[in-house]
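J.: Here's a structure for you.
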Amino acid sequence: MYIVFVRHGETAYNASGRYQGHTQISLNERGFAQATIVAQRLRHSRIDALYSSDLLRAVQTAEAIAAHHSLHIHQHSGFREIDVGLWEHLTVSEIASQYPQHYATYKQTPGHAVYTGGESYALMQLRAMDALMQVIAQHPTDSSICIVCHGGTIRAMICAFLHIDINYYPHMWIDNCAITSVHYQNGVFRIGTINDNAHAEADWRE
Amino acid sequence: MDILLIRHGETHYNTEHRIYGHAQIPLNERGKLQAQAVANRLKDTPIDAIYSSDLVRAYATAQSIAAHHPLVVNTDAGFREVDVGRWEHLTEADVARTFATEYADFRTRPGEAPYLGGESFQQVQKRAWHVLERCIQTHADAQTICIVCHAGTISALICGILQVNINHHPRLRIDNCAISRLTVTSEGIHLATLNDNTHVIKSRGEMV
């Protein structure tokens, strides 16, 4: 099975460096443009089923992709971004000054620290992988699936695919509307690309 | 600092699925086109230094990139592909038939088991890491450097960066002339992109 993960487009919170977690925030103008470009890139790709996190920014991005394919968007809350609890709406410097102890714990063990009032990456990874295995079970093994979700969720799943300690998730980066692809066969995930954002380079737009 | 890790272009050993390690096999026609495609993609990218494995397939690819930049290619044997010892020039089927015991061990732990009379990927990781660190120390924070080398070398380095068990290195796909990008900051080395080869696909006139 071939699975392509797409991170959602930019929002005002991405642009201002605010934690958004489960906030229902729309793509901004740039985010809609990014969604159009990644949808263009994927317009000739085979997609047998399209899934999305049920958060607005992911659904809006999935709608752009769906416009080129006659596909229904399956929304699944398991692909949501990490729940950042009380850190929602705040910038890193605000978090560091308002929650210094929790922030210090997070910096030390970013995968296992529980965001105050929210989840840990380790817990989010379990629910995202649970959602992914449900999706895989529902389609024939030669299917091609597209899943639109979030930077944290995609990185947590990559950690699971490669058996990387979840505390290392910050050593990867996923850009808005970048593509990450994996092949799944006999219980093993092989990585094709991580954060392929070639479509964002000016020369590559059509 | 940005570090672009680029795999060499195709050779006829790639198409014949021969194990070649340090064998000096030149790029084939398709490999030369791939090298031009990656060079073309990077022609407007400010690059401050180009390093390459000293094996000809990597060096020729690095030369294509250097043709668009006022730079000489610095070769370093530390970026070479894994030394495959006695399995050089053989196909995997040959090896499975002739060296059944060693091959079975290799399949079980493909990162730790050495090629018969050669290196393991764990050893490659160690020597390549050593030269990578030297490159990082040589260049200023704002610079971009290009390192042209091999699939085994690139996947071993990325396993080191993400703390992936070296036996899982075959789970990372590294295509001919694909770009993988590392960013180095005060917080360490990050993987920004793995295996972006859209320029190669596009150069074949296919949809990316």
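The values are calculated or read from the model by the stated rules, or taken from the named source; none is laboratory data. These numbers were taken from a predicted model, which means no experiment stands behind them. Reconstructed Cβ throughout: ideal geometry from the backbone, glycine too, with neighbour counts over all protein chains shown.
J.: Determine, yes or no, whether residue B:42 is within 24 Å of residue B:88 (Cα to Cα), at pLDDT 95 or above and not β-branched (Val, Ile, Thr).
T.: Spelling it out, it is not the case that residue B:42 is within 24 Å of residue B:88 (Cα to Cα), at pLDDT 95 or above and not β-branched (Val, Ile, Thr).
J.: Across the range B:163-177, which residue is nearest to residue B:61 (Cα to Cα) among those that are at the interface with chain A (Cβ under 8 Å from one of its Cβ atoms) and crowded, with 22+ Cβ neighbours inside 10 Å?
T.: So the residue we want is B:172.
J.: Look at residue B:35 and say whether it is surrounded by fewer than 19 Cβ atoms within 10 Å (Cβ to Cβ), modelled with pLDDT of 95 or more and touching a helix residue (DSSP H, G or I) at 6+ places or on another chain (Cβ under 7 Å).
T.: Working: surrounded by fewer than 19 Cβ atoms within 10 Å (Cβ to Cβ): no; modelled with pLDDT of 95 or more: yes; touching a helix residue (DSSP H, G or I) at 6+ places or on another chain (Cβ under 7 Å): yes.
Answer is no for this residue.
J.: List the residue pairs whose Cβ atoms are under 6 Å apart, where the first residue sits in the range A:144-166 and is surrounded by fewer than 22 Cβ atoms within 10 Å (Cβ to Cβ) and at pLDDT 95 or above, the second is among the basic types (Lys, Arg) and not in a helix (DSSP H, G or I), and the two are 6 or more positions apart or on different chains.
T.: A:144/A:46; A:151/A:7
J.: Sticking with this structure for a sec: Taking strands (runs of 3 or more DSSP E) that do not extend beyond the range B:1-88, which have at least 1 residues that are free of Cβ contacts under 8 Å to residues at least 60 places away in the same chain and over 13 Å from the mean Cα position of the chain (by Cα)?
T.: On the way: elements: B:2-7, B:49-52, B:73-75.
Hits in the range B:1-88: B:73-75.
J.: For residue B:18, indicate whether it is among the basic types (Lys, Arg) and out of contact with any Asp or Glu (no Cβ under 7 Å at 6 or more places or on another chain).
T.: So residue B:18 passes the test.
J.: Restricting attention to the range B:65-86, does a residue exist that is among the acidic types (Asp, Glu), over 30 Å from residue B:181 (Cβ atoms) and crowded, with 16+ Cβ neighbours inside 10 Å?
T.: No; the residues of the range B:65-86 include none that is among the acidic types (Asp, Glu), over 30 Å from residue B:181 (Cβ atoms) and crowded, with 16+ Cβ neighbours inside 10 Å.
J.: Do we have residue B:194 as without any contact (Cβ under 8 Å) to a residue 40 or more places away in the chain and touching a Phe, Trp or Tyr at 6+ places or on another chain (Cβ under 6 Å) here? So that I can check it myself, show each step before the final result.
T.: Details: without any contact (Cβ under 8 Å) to a residue 40 or more places away in the chain: yes; touching a Phe, Trp or Tyr at 6+ places or on another chain (Cβ under 6 Å): no.
No; evaluated as a whole, the condition is false for this residue.
J.: Another question, then. Hey, can you tell me all the residues within the range A:115-130 that are crowded, with 21+ Cβ neighbours inside 10 Å and among the small types (Gly, Ala, Ser)?
T.: The answer is A:128, and nothing else.
J.: Looking only at the range A:183-202, which residues are among the small types (Gly, Ala, Ser), closer than 19 Å to residue B:42 by Cα and more than 7 Å from chain B (Cβ to nearest Cβ)?
T.: A:200, A:202
J.: Could you list, in sequence order, the residues of the range B:38-53 that are touching a Ser or Thr at 6+ places or on another chain (Cβ under 7 Å), under 24 Å from residue B:12 (Cα atoms) and surrounded by fewer than 18 Cβ atoms within 10 Å (Cβ to Cβ)?
T.: Passing the criteria: none in range.
J.: Turning to a different aspect of this structure: Mind listing whichever residues of the range A:56-91 are touching a helix residue (DSSP H, G or I) at 6+ places or on another chain (Cβ under 8 Å) and β-branched (Val, Ile, Thr)?
T.: A:61, A:65, A:73, A:82, A:91
J.: Can you find a residue in the range B:131-153 that is over 27 Å from residue B:26 (Cβ atoms), within 8 Å of chain A (Cβ to nearest Cβ) and surrounded by fewer than 24 Cβ atoms within 10 Å (Cβ to Cβ)? Walk me through how you get there before you give the answer.
T.: Of all residues in the range B:131-153, those over 27 Å from residue B:26 (Cβ atoms) come to B:133-134, B:136-144.
When the remaining residues are screened for being within 8 Å of chain A (Cβ to nearest Cβ), the result is none.
No, the range B:131-153 contains no residue that is over 27 Å from residue B:26 (Cβ atoms), within 8 Å of chain A (Cβ to nearest Cβ) and surrounded by fewer than 24 Cβ atoms within 10 Å (Cβ to Cβ).
J.: Those residues that are facing chain B (nearest Cβ under 7 Å) and touching a residue at least 12 places away in the same chain (Cβ under 8 Å), I need them from the range A:167-182; list them, please.
T.: A:168, A:172, A:173
J.: Ok, one more. Does residue A:159 satisfy the criteria of being within 11 Å of another protein chain (Cβ to nearest Cβ) and either of a type outside the set (Asp, Glu) or over 15 Å from the mean Cα position of the chain (by Cα) (or both)?
T.: Criteria met by residue A:159.
J.: Checking the conditions here, which among B:193, B:183 is at pLDDT 95 or above, facing chain A (nearest Cβ under 10 Å), part of a strand (DSSP E or B) and buried (at least 23 other Cβ atoms within 10 Å of the Cβ)? Before you say what the answer is, go through the steps one by one.
T.: On the way: B:183 fails: buried (at least 23 other Cβ atoms within 10 Å of the Cβ).
Exactly one of B:193, B:183 is at pLDDT 95 or above, facing chain A (nearest Cβ under 10 Å), part of a strand (DSSP E or B) and buried (at least 23 other Cβ atoms within 10 Å of the Cβ), namely B:193.
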